[in-house]
1. Between 0 and 90 degrees, rounded to the nearest ten: what's the tilt of helix 71-87 against the longest Cα principal axis of the chain?
2. In debye, nearest 20, what is the charge dipole magnitude of the chain about its Cα centre with +1 on Lys and Arg Cβ and -1 on Asp and Glu Cβ, if you could check?
3. For the chain, the longest stretch holding no trypsin sites (Lys or Arg not before Pro) located in a DSSP loop with at most 14 other Cβ atoms within 10 Å is which?
4. Before rounding to the nearest 500, sum -39500 (n - 2.57) across all DSSP H runs of length at least 4 in the chain and divide by the residue total; then give [θ] at 222 nm in deg cm²/dmol.
5. Taking only the C-alpha atoms, wrap a convex hull around the chain and report its volume per residue in Å³ as a whole number.
Amino acid sequence: METDHKSDYDNEFDPTCLFCRIVAGTLPSTQVYADETVVAFRDRHPAAPTHILVVPRRHISGINAPAAEDGALLHALIHAANSIARDEGLGERGYRLVWNVGPDAGQSVFHLHLHLLGGRSLGWPPG
Ligand code: DGP
């Protein structure tokens, strides 16, 4: 799949950000979805048989950033996540969508990303 989308879309880009570079195609990833707003790729350290990260193309530091409170952006991310989950065969079994925010939640990459986890029974409460 074509991964160098940056020239197609005039969005904010932080060259020091890992996920900006993945979105731009300058770092490799296994991409499973892309549209004009959102890119999704498989997590490098999967915590479940299906573990996909759904990210905006533009750089936003996390779901707690003011720029994340954009209805159209949130709609695009959630719509993409649900569509990917169906494509991954998780529609019936179910899946989990997770935003990690800050140190207690273990956020390690400061480019907004929605985790899509599934393919096994997921425990609750999370660890
Ligand atoms: P979080 O802890 O919520 O910030 O999640 C960051 C996730 O990003 C974590 O599950 C591992 C994943 N990750 C980190 N570096 C890379 C990478 O270079 N490629 C991919 N595909 N995933 C990465």
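1. The angle comes out at about 50 degrees.
2. Rounded to the nearest 20 debye, it is 500 debye.
3. It runs 45-92.
4. Here the helix-only value at 222 nm equals -6500 deg cm²/dmol.
5. About 112 Å³ per residue, rounded to a whole number.
Computed from the coordinates by the stated procedures, all read-outs in this text should not be read as laboratory data. What you see is a predicted model; the values in this text were computed from it and never measured. Because the Cβ atoms are built from the backbone with ideal geometry, glycine has one as well, and the counts that use them run over all protein chains shown.
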